[in-house]
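Read-outs throughout are calculated quantities, based only on the coordinates presented, and are distinct from any laboratory measurement. No experiment lies behind these values; they were computed from the predicted model shown. Cβ placement follows ideal geometry from the backbone for every residue including glycine, while neighbour counts extend to all protein chains displayed.
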Amino acid sequence: MACFTVPLATAVAAEAARRALPERTRRNPFVARLGWLGRMMFGGSFLLAIEHIYHGEIIFTPPFLTAVKDGETAGMLHEMATRGVAMAVLLVAVWTAMVLVSAVRERAGRLAVEGGR
């Protein structure tokens, strides 16, 4: 139905935060890699939207979502609150793990370079 809209909203928020934060905050590894989160969320939302178009859940005439057209708005909102939020939380958790691994590897690389002098 519309579960892809929650990760899409998260992607928009991540991209807005990335653009709004000043350059000096980019030393924080999470701020520096907000672009990763945005790309992950946009990509996932795009693929889900394609899947929903294929299954006829998204149409190209207003109201665009068949759940709204068929009067199943409550079911759509429930799906967004359960599946959509779960997908967004899972992607944020994966992104967090990616940032932590990346930060540890960068720090180890810097220590190896500094120690080798």
* Among Ala11, His78, Thr61, pick out the residue whose Cα is farthest towards the positive end of the charge dipole of the chain, where Lys and Arg carry +1 and Asp and Glu carry -1 on C-beta, about the Cα centre. => Ala11
* Structure fact -> Interchain or sequence-distant (5+) residues whose placed amide H lies within less than 5 Å of the amide H of Leu65 are Ile59
* Length-normalised contact order of the range 5-115 in % [C-alpha pairs under 8 Å, at least 6 apart] -> 32 percent
* To do: Assuming R0 = 30 Å, can you tell me the calculated FRET efficiency for the pair Phe46 and Ser102, based on Cβ-Cβ distance, to the nearest 0.05?
  => 0.80
* What is the local net charge at Thr66, summed over the other residues whose Cβ is closer than 12 Å to its Cβ (Lys, Arg +1; Asp, Glu -1)? -> -2
* **Calculated from backbone phi, Karplus (6.51, -1.76, 1.60) coupling profile of the range 17-31 in Hz, x at Gly/Pro** => 5, 4, 6, 7, 6, x, 4, 5, 7, 6, 5, 6, x, 6, 5
* To do: Starting from the Kirkwood radius over alpha-carbon pairs of the range 5-115, derive D by Stokes-Einstein at 4 °C in a medium of 1.567 mPa s and give it in µm² s⁻¹.
  => 80 µm²/s
* Structure fact -> Between the modelled labels at Ala81 and Tyr54 (7 Å from Cα along Cα→Cβ) the distance in nm is 3.0 nm
* **Low-density loop positions, chymotrypsin sites (Phe, Trp or Tyr not before Pro), the range 21-100 - DSSP coil, at most 16 other Cβ in 10 Å** => Phe60, Phe64
* Asked: Rounded to the nearest 20 Debye, what is the dipole magnitude of the chain about its Cα centre when Lys and Arg each give +1 and Asp and Glu each give -1 at the C-beta?
  -> 920 debye
* To do: Identify, among Met87, Val113, Ser45, the residue whose Cα sits farthest towards the positive end of the charge dipole of the chain, taking +1 on the Cβ of Lys and Arg and -1 on the Cβ of Asp and Glu, with the dipole about the Cα centre.
  => Val113
* Structure fact -> Residues whose built amide H sits under 5 Å from the amide H of Glu72, excluding neighbours closer than 5 in sequence, are none
* **In Hz, Karplus ³J(HN,Hα) per residue of the range 36-45 (6.51, -1.76, 1.60; θ = phi - 60°; x = Gly, Pro)** => 4, 4, x, 5, 4, 5, 4, x, x, 5
